[in-house]
Every structure is written in C-alpha cells, then in structure tokens.
1. Do we have any residue at all in the stretch 118-127 that's of a type in the set (Phe, Trp, Tyr) and open to solvent by 30 Å² or more (accessible area, probe 1.4 Å)?
2. Of all residues in the stretch 106-117, count the ones that are open to solvent by 80 Å² or more (accessible area, probe 1.4 Å) and in contact (Cβ under 8 Å) with a residue 12 or more places away in the chain.
3. I'm told Asp17 meets every condition in (1) of a type in the set (Asp, Glu); (2) at pLDDT 90 or above; (3) open to solvent by 80 Å² or more (accessible area, probe 1.4 Å) except one. Can you identify the failing condition by its number?
4. Taking the stretch 99-129 only, how many residues are assigned to a loop (DSSP other than H, G, I, E, B) and within 17 Å of Gly28 (Cα to Cα)?
5. When you scan the stretch 20-98 for helices (runs of 4 or more DSSP H) that lie fully inside it, which ones turn up with 1 or more residues that are open to solvent by 90 Å² or more (accessible area, probe 1.4 Å), among the β-branched types (Val, Ile, Thr) and modelled with pLDDT of 95 or more?
Amino acid sequence: MKRLNKKEAGSLNNQQDNYLDKIPVRNGDLDWIENNGLVTVIQKNNGLYDRMAQKLFKTPSESKIDLDRFGSFVWLQIDGNRSIYDIGVLVKARFGKDAEPLYERLSKYFYTLNEVKYITLEDKRREEK
C-alpha cells in the first residue's frame, strides 16, 4: 500500500472537507411521501425505454423506493440550506454510535443520491429570496 506524502494527504483532506461543505438540494421533479418518519420516493418511469417496457412487459409507470430509517432521516434534513456536514451533525445527534462511520456513510449516500439524480450538490449556500 502506498503511503501518502504530506502534499497528497493535505489535498485528500481538502477534497473531503470541500465535499462536506456541499449543499444537497432535492430534485424538484421527484415526488415523495413521508409516513411515520419513513420516506418513500416515487420515481416516474417515463423515458423512451421505460414506455416501451411498460407496453411490452407491463412494467409499472412509477417505482416506489422505500428508504430505511437512516436514509429517511437524512432525506428529511435536506432543505437546500444545510451542508452535508450540518446534516451529519443532526444524524450523529439522532443515531449516535449507530451512524458510525458517519461521514463515510453520508458521503456514499449523497454520492448515490446525486448519481441517480434525486439531488444535486451545490457548492455554496443558496441565496435567500
């Protein structure tokens, strides 16, 4: 395993710090419901291939994705103003040791949400209107 020199380690720490400063913003086109603290995201399947599959294979026009208690809590904290770090503080207060390794899990979770286009990650706090 390669050992990082000080410059490489500093760069890696800065990247992680910068990522935790990002502000998650929910995709406004997504529908979701909350029931007793648990969130279900409703994803509409309306692309060309989705419509073809619906006609040929009778697939549903929307998918319902149930988030677990950790994911639901995080989802409910996304308000367009809180950073990933801020949300991590709330998760730590709510789940304690059960959330560890906290920022590694949060980073992966937000990376996945961003990849599937459930959220976007902004570099700075949104201006209040």
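1. Within the stretch 118-127, the first condition is being of a type in the set (Phe, Trp, Tyr), and the residues that meet it are 118.
If we keep only those that are open to solvent by 30 Å² or more (accessible area, probe 1.4 Å) too, we end up with none.
Checked against the condition, which is being of a type in the set (Phe, Trp, Tyr) and open to solvent by 30 Å² or more (accessible area, probe 1.4 Å), the stretch 118-127 yields no hits at all.
2. So the answer is 1.
3. Just one mismatch for Asp17, condition (2).
4. Step one: list which residues in the stretch 99-129 are assigned to a loop (DSSP other than H, G, I, E, B), which gives 100-101, 116-118, 123-129.
Keeping just the survivors that are within 17 Å of Gly28 (Cα to Cα) gives 116-118, 126.
Selection size over the stretch 99-129: 4.
5. Working: elements: 48-57, 69-77, 84-95.
Where helices (runs of 4 or more DSSP H) fall fully within the stretch 20-98, none carries at least 1 residues being open to solvent by 90 Å² or more (accessible area, probe 1.4 Å), among the β-branched types (Val, Ile, Thr) and modelled with pLDDT of 95 or more.
The values are calculated or read from the model by the stated rules, or taken from the named source; none is laboratory data. This structure is a prediction, so every number in the text was calculated from the model and none was measured. Ideal geometry is used to build each Cβ from the backbone, glycine not excepted, and the neighbour counts take in all protein chains shown. Each accessible area value is taken on the protein alone, full model and side chains, heavy atoms only, with ligands, DNA and RNA left out. Shrake-Rupley method; radii C 1.70, N 1.55, O 1.52, S 1.80 Å.
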